[in-house]
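The values are calculated or read from the model by the stated rules, or taken from the named source; none is laboratory data. The structure displayed is predicted, hence computed values, not measured ones. All Cβ positions, glycine included, derive from the backbone under ideal geometry; neighbour counts span all protein chains shown. Keep in mind that these areas ignore ligands, DNA and RNA; they rest on the heavy atoms of the full protein, side chains included. Shrake-Rupley method; radii C 1.70, N 1.55, O 1.52, S 1.80 Å.
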Amino acid sequence: MSGSLKYLVTGASGQLGALAIDALLDRVPASEVGALVRRAEAAAPLEAKGVTVRIASYDDSAALEAAFAGVERLLLISSSEVGQRATQHANVIAAAKAAGVGFVAYTSILRADSSPLTVLPGEHVATEQALAASGLHYALLRNGWYTENYTMGVPTALEHGGMMGAAGEGRISSAARADYAAAAAAVLTGDLPASGTIYELAGDSSYTLAEFAAALSELSGKEIGYTDMTPEAFDAALQGAGLPAPVAGMLADSEKGAAQGGLYSDDTTLSQLIGRPTTPWRETLKTAL
Ligand SMILES: NC(=O)c1ccc[n+]([C@@H]2O[C@H](COP(=O)([O-])OP(=O)(O)OC[C@H]3O[C@@H](n4cnc5c(N)ncnc54)[C@H](OP(=O)(O)O)[C@@H]3O)[C@@H](O)[C@H]2O)c1
C-alpha cells in the first residue's frame, strides 16, 4: 500500500465513515480520497465510489503504518469497540506519526473533558491526550449525539406503544450523522486549523425524550408515551430485553448524563462549519418513519 493520498477516512465501512466519504466526494475528486477498512469484503462498495481502499485493523500497528503511507490528512473515526478504544486509537496515532501523516481530525464526544457521562468519555479523553502528546498536527471533532440513536428505536416504540429512558427533563441537542460527516469533511479539506483546535458539535435544536415521543405520536398517528425511569431501572429493563450488561450500563449512564445536561449544547459551530442549519430532529424522525 503506497502512493500519495490526500485524505484517508478510518471506519469507512461504518455509518458515519460512509457518509464522511460521500461528504469528501462532494468537495474533492475521488482520486484524492482513501477509505480504511479492516475487512477486505467491505472494500467493494467503497471502490464503487472511486476511492482508494486500504486495509488495516486498529489492532494491527504494522498494517496501520503501511496503510498510512503517503497520507496527508487523516480522519480518525472512533472505534465502535468500547473498552478497547484507547489502545486502538493509540495504535492509530502512533502509526500516523510514524508514517508522517500531516494532520489528524478525531471524532471525540461533546465536552469530553467535562461531560457528566461517566462511561463513554474516558476513552475519548485518553485519545485526545495521546494526540496532544504525539506532536501530530490535529483537531478534535467533539461530536454530540446522533439523532439516529433515538430514531433507531422507532420500530420498537411503535410495536410497544411507548418509549422508555432515563434522561428526565434533559434536553438533547442531537444532529444527523450526515451533519457530523459534512463537518468532518469541511475541517479535513479546509485551511488547517491551529493544532489542538476543539470543535464542540451539536444540533441547532434540542428536545426532551417526552417531546420526542410526542412528535412520534403526532407523525405516526399512534399514541406513544414516554416512561422516565431511574438509570438503575432503565439498565435492568435493557438487560431484561436482552442487551449485554456492558451495553445496558453504557446506555443507562448516557441517559443519566443526559438528565444532567450532558447531551445539550447551544453551540452553533456545527451549522457554521457545514454552512447550513443542522438537520432538524423531526426531519430525521420523519425519514425513519
Ligand atoms: N455520537 C454518537 O451519538 C455516537 C453513537 C454511536 C457511536 N459513536 C461513535 O462514533 C463512531 C462512528 O459511528 P458509526 O455510527 O459510524 O458506528 P459504526 O457504524 O458502528 O461504525 C464503526 C466503524 O468502526 C470500525 N471498526 C471497529 N473496530 C475496528 C477495528 N478494530 N479496526 C478497524 N476498524 C474498526 C467498524 O468496522 P467494521 O465495519 O469492520 O465493523 C466500522 O467501520 C463509533 O464507532 C463510535 O465510536 C457515536
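Restricting the range 24-40 to residues that are surrounded by 23 or more Cβ atoms within 10 Å (Cβ to Cβ) and of a type in the set (A, V, I, L, M) leaves a set whose member that is farthest from Ser61 (Cα to Cα) is Leu24. Of all the residues in the range 51-66, those that are more than 9 Å from the ligand (Cβ to nearest atom) and either over 21 Å from Ala20 (Cα atoms) or surrounded by fewer than 17 Cβ atoms within 10 Å (Cβ to Cβ) (or both) number 5.
The set of residues in the range 208-230 being open to solvent by less than 40 Å² (accessible area, probe 1.4 Å), touching a helix residue (DSSP H, G or I) at 6+ places or on another chain (Cβ under 7 Å) and of a type in the set (A, V, I, L, M, F, W, C) consists of Phe212, Ala215, Leu216, Ile224.
Among the residues making up the range 231-274, those that are in contact with a Ser or Thr (Cβ under 7 Å, 6 or more places away or on another chain) and either open to solvent by less than 80 Å² (accessible area, probe 1.4 Å) or not in a loop (DSSP other than H, G, I, E, B) (or both) are Asp253, Gly257, Gly262, Leu263, Ser265, Leu270, Ser271.
In the range 231-253, the residues that are within 16 Å of Tyr150 (Cβ to Cβ) form Cβ pairs under 9 Å with partners that are assigned to a helix (DSSP H, G or I) and among the basic types (Lys, Arg), at six or more places apart or across chains, as follows: Phe234/Lys256.
Looking at (1) part of a helix (DSSP H, G or I); (2) open to solvent by 60 Å² or more (accessible area, probe 1.4 Å), which is the one condition that is false for Pro277? Going through the list (1) part of a helix (DSSP H, G or I); (2) open to solvent by 60 Å² or more (accessible area, probe 1.4 Å), Pro277 breaks only (1).
Say we look at the range 1-42 and pick out the residues that are part of a loop (DSSP other than H, G, I, E, B) and among the hydroxyl-bearing types (Ser, Thr, Tyr); which of these is farthest from Leu192 (Cα to Cα)? Result: Ser13. Checking each residue in the range 46-55 for being outside any loop (DSSP other than H, G, I, E, B) and free of Cβ contacts under 8 Å to residues at least 12 places away in the same chain picks out only Glu47.
Being among the hydroxyl-bearing types (Ser, Thr, Tyr) and either within 23 Å of Leu141 (Cβ to Cβ) or within 11 Å of the ligand (Cβ to nearest atom) (or both) is a condition met by no residue of the range 31-41. Looking only at the range 183-205, residues that are within 14 Å of the ligand (Cβ to nearest atom) and either charged (D, E, K, R) or more than 18 Å from Met152 (Cβ to Cβ) (or both) come to 6 in all. For the range 180-207, filtering for residues that are over 24 Å from Met250 (Cα atoms) and out of contact with any helix residue (DSSP H, G or I) (no Cβ under 6 Å at 6 or more places or on another chain) leaves 13. For the range 189-207, a tally of residues being open to solvent by less than 60 Å² (accessible area, probe 1.4 Å) and more than 25 Å from Arg276 (Cβ to Cβ) returns 1.
The set of residues from the range 2-23 being of a type outside the set (Val, Ile, Thr) and either away from the ligand (no atom under 15 Å from the Cβ) or open to solvent by less than 10 Å² (accessible area, probe 1.4 Å) (or both) comprises Ser2, Gly3, Ser4, Leu5, Lys6, Tyr7, Leu8, Ala12, Gly17, Ala20. Residue pairs whose Cβ atoms lie under 7 Å apart, separated by 6 or more positions or on different chains, with the first residue in the range 67-81 and within 13 Å of the ligand (Cβ to nearest atom) and the second open to solvent by less than 10 Å² (accessible area, probe 1.4 Å) and modelled with pLDDT under 95, do not occur.
Cβ-Cβ under 7 Å, sequence separation 6+ or interchain: first residue in the range 151-178 and closer than 15 Å to Ala237 by Cβ and assigned to a strand (DSSP E or B), partner open to solvent by 10 Å² or more (accessible area, probe 1.4 Å) and among the polar types (S, T, N, Q). Which pairs? Qualifying pairs under 7 Å: Gly162/Thr227; Met164/Thr227.
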